[in-house]
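Below is one structure, written out as structure tokens, with a few remarks after it.
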Amino acid sequence: TSATNPISLGIGTNAGSGTLSGVTTMAAVNGVATFSGLSINKAGTGYTLFAASPNLVNATSTPFTVTAGPASLVAFTAQPSGTITGTPISPAVAVAIRDLFGNLVTTATHSVTIAIGTNPGGGTLSGTTTVAAVNGVATFPDLSIDKAGAGYTLTATAATLIAGVSPGFTIRDPLIFATITAGYFHSCGFTTGGAAYCWGDNRSGQLGSGGGDHSNVPVQVAGGLDFGGLGAGRTHTCGVTTAGAGHCWGDNALGSGTGTAPTPRAVAGAVTFARVIAGYGHSCGVATSGAGYCWGSNGSGELGNGTTTSSNVPVLVSGGLVFASISPGRGFSCGLTTAGKAYCWGSNFQGELGDGTTTPRTSPVAVSGQLTFALVSAGAFHGCGLTTGGQAYCWGWNDLGQLGSGFGGTSGTPKPVGGGLTFVTLSAGNRHTCGVTPAGVGYCWGDNSNDMLGTGSPNNAGVPESVVGGLSWATISAGRFHTCGVTTAGAAYCWGAGGAIGDGTNLGRPVPTRVF
């Protein structure tokens, strides 16, 4: 009872990441220090306090619980994200009822009403706008706004509580796409009016917008060019304007003789192109004359000019072939002549050239089988072709079922894709492949490690499996970690790994999700 030591208190186990307030150091009186004004601002179960004094052994309290205070305010927890007019805001908007210190009041059942706050587009909010809180949270799964505008906000109100206001977000009219292309970490497409848009990773400038590391919604490619073709590669993008001028942007294989370009830069030379497509580390194009050109990395002969010397400007593909299209893959390329014959060149360790060997080629060699193709597509280690009759064939590596003929092994010559389907378009991705039937049904097969097959299943597929959602597809483009497609109505959808989906989030999507 004679002790007058100073005693200091602090939080020991900080169960709710709280802060201890009040007078935390007191001198003992008759051996007892009393702390009458202490409080902790964050709810949590299992807090402890410790008591310390110089030259004395510390003490620790028994665990205790701090509960939320009375309901005082509403606050947005799942913020409204940008979307297109008339489409439900996703993820669903959620509002929490909290005390003055921000703790969730789990017993609260107030009715919360959502309304438009700032209304830059004169829009109307539709959906269920009043919801009763459950465990302190009110969720609004079907809110939409019918007019475009930048800087919309929402307000959340409940009787006797302080209202909440959301951050600003954008509602915009849907883009109507002519086609879309999935790259490695980004996606691009151009509208029916020829305007190009890209989204996803932009650390190498592959979005062509002139700045920023990433965009989770489409941003318009700078320069005001009207495109008639576009192809997204690994860290760069290439396209051809309606006037036949080739342009590339991003890093590697730009064909302009210089390095990274964050906005479109003209491909060097006086070539008028019909097509220009970006691959992994190289790019290729077809002139209106049918001559093939490639540029960029050439360690495996993927430029097709008879050498393994890289070139930062276009070089002519050897052999005098007249091409209708060229598809650059990872370490190889495949082309289709105007006579419907497929040729490939470059790396061939997995039989990806389709000539029945594993010998790399620096100049075009014919794909075996005497098939007449309407389309060829080069992936990472496999190639595919679509005959004039709509039958799909693939060749090369098949470790994950990307050839569509079951799992395992390789095939150095074209093998028919299983299932007996006919297709109108076909796209070989990194280790998966997708196609669209004449009825507009989408199918994918191969690697599904990031849900890029869009089948609703987490499993790889050794034969074609239909893309879920019941959409009518015009085209589907298989990328590296994701896949994108355009419906017959011009709506763009993507699925697979997050970051390049274009829906306003960075979330992965296992099924087709509308591009914002």
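Per-structure values
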| read-out | value |
| --- | --- |
| Single residue of Thr1, Thr24, Thr19 found to be within 23 Å of Thr106 (Cβ to Cβ) and of a type in the set (S, T, N, Q) | Thr19 |
| Those residues of the range 1-50 which are among the hydrophobic types (A, V, I, L, M, F, W, C), in a strand (DSSP E or B) and under 30 Å from Arg98 (Cβ atoms), in sequence order | Leu9, Ile11, Leu20, Ile40, Leu49, Phe50 |
| Meets criteria (in a strand (DSSP E or B) and either surrounded by fewer than 20 Cβ atoms within 10 Å (Cβ to Cβ) or among the hydroxyl-bearing types (Ser, Thr, Tyr) (or both)) for Tyr184 | no |
| Residue list for the range 19-78, filter: touching a Lys or Arg at 6+ places or on another chain (Cβ under 8 Å) and farther than 30 Å from Ala163 by Cβ | none |
| Verdict on Thr425 being hydroxyl-bearing (Ser, Thr, Tyr), open to solvent by 10 Å² or more (accessible area, probe 1.4 Å), over 19 Å from the mean Cα position of the chain (by Cα) and closer than 18 Å to Ala232 by Cβ | yes |
| Boolean, Asp173 is open to solvent by 50 Å² or more (accessible area, probe 1.4 Å), charged (D, E, K, R), over 19 Å from the mean Cα position of the chain (by Cα) and closer than 23 Å to Val95 by Cα | no |
| Lone unmet requirement of (1) without any contact (Cβ under 8 Å) to a residue 12 or more places away in the chain; (2) farther than 18 Å from Ile180 by Cβ; (3) in contact with a Gly (Cβ under 9 Å, 6 or more places away or on another chain) for Gly498 | (2) |
| Enumeration of residues in the range 214-255 that are open to solvent by 30 Å² or more (accessible area, probe 1.4 Å) and over 26 Å from Ser81 (Cβ atoms) | Gly223, Gly224, Leu225, Asp226, Gly228, Arg234, Thr242, Ala243, Ala245, Asp251, Asn252 |
| Residues (open to solvent by 50 Å² or more (accessible area, probe 1.4 Å) and either assigned to a strand (DSSP E or B) or without any contact (Cβ under 8 Å) to a residue 24 or more places away in the chain (or both)) located in the range 56-104 | Val57, Asn58, Ala59, Thr60, Thr62, Phe64, Thr65, Thr77, Arg98, Leu104 |
| Considering residues of the range 287-329 that are farther than 20 Å from Arg234 by Cα and part of a strand (DSSP E or B) only, the residue most open to solvent (accessible area, probe 1.4 Å) | Leu316 |
| Scan of the range 366-385 for residues that are in a strand (DSSP E or B) and either surrounded by fewer than 24 Cβ atoms within 10 Å (Cβ to Cβ) or at pLDDT below 95 (or both), ordered by number | Ala366, Ala374, Leu375 |
| Test for Ser166: is it modelled with pLDDT of 95 or more, out of contact with any helix residue (DSSP H, G or I) (no Cβ under 9 Å at 6 or more places or on another chain) and open to solvent by less than 30 Å² (accessible area, probe 1.4 Å) | yes |
| Single residue of Gly356, Gly396, Gly406 found to be touching a Gly at 6+ places or on another chain (Cβ under 6 Å) and either part of a strand (DSSP E or B) or aliphatic (A, V, I, L, M) (or both) | Gly396 |
| Test result for Ala261, farther than 23 Å from Ala380 by Cβ and of a type outside the set (Phe, Trp, Tyr) | yes |
| Considering residues of the range 492-516 that are of a type in the set (A, V, I, L, M, F, W, C) and buried (at least 19 other Cβ atoms within 10 Å of the Cβ) only, the residue modelled with the lowest pLDDT | Phe516 |
| Val267 open to solvent by 40 Å² or more (accessible area, probe 1.4 Å) and either in contact with an Asp or Glu (Cβ under 8 Å, 6 or more places away or on another chain) or closer than 21 Å to Gly250 by Cβ (or both) | no |
| Condition check for Thr258: in contact with a strand residue (DSSP E or B) (Cβ under 9 Å, 6 or more places away or on another chain) and open to solvent by less than 30 Å² (accessible area, probe 1.4 Å) | no |
| Residue selected from the range 222-264 under the condition of a type in the set (Val, Ile, Thr) and either more than 13 Å from Gln206 (Cβ to Cβ) or in a strand (DSSP E or B) (or both), by the criterion modelled with the lowest pLDDT | Thr258 |
| Strands (runs of 3 or more DSSP E) contained in the range 415-516 and holding at least 1 residues aliphatic (A, V, I, L, M) | 425-428, 432-436, 461-466, 473-478, 482-487, 492-496, 509-514 |
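The values are calculated or read from the model by the stated rules, or taken from the named source; none is laboratory data. Computed from a prediction, not measured in an experiment: that's the story for all the values here. When we count neighbours, we look across all protein chains shown, and the Cβ atoms used for this are built from the backbone with ideal geometry, even at glycine. Accessible surface areas use protein heavy atoms only, side chains included; no ligands, DNA or RNA. Shrake-Rupley method; radii C 1.70, N 1.55, O 1.52, S 1.80 Å.
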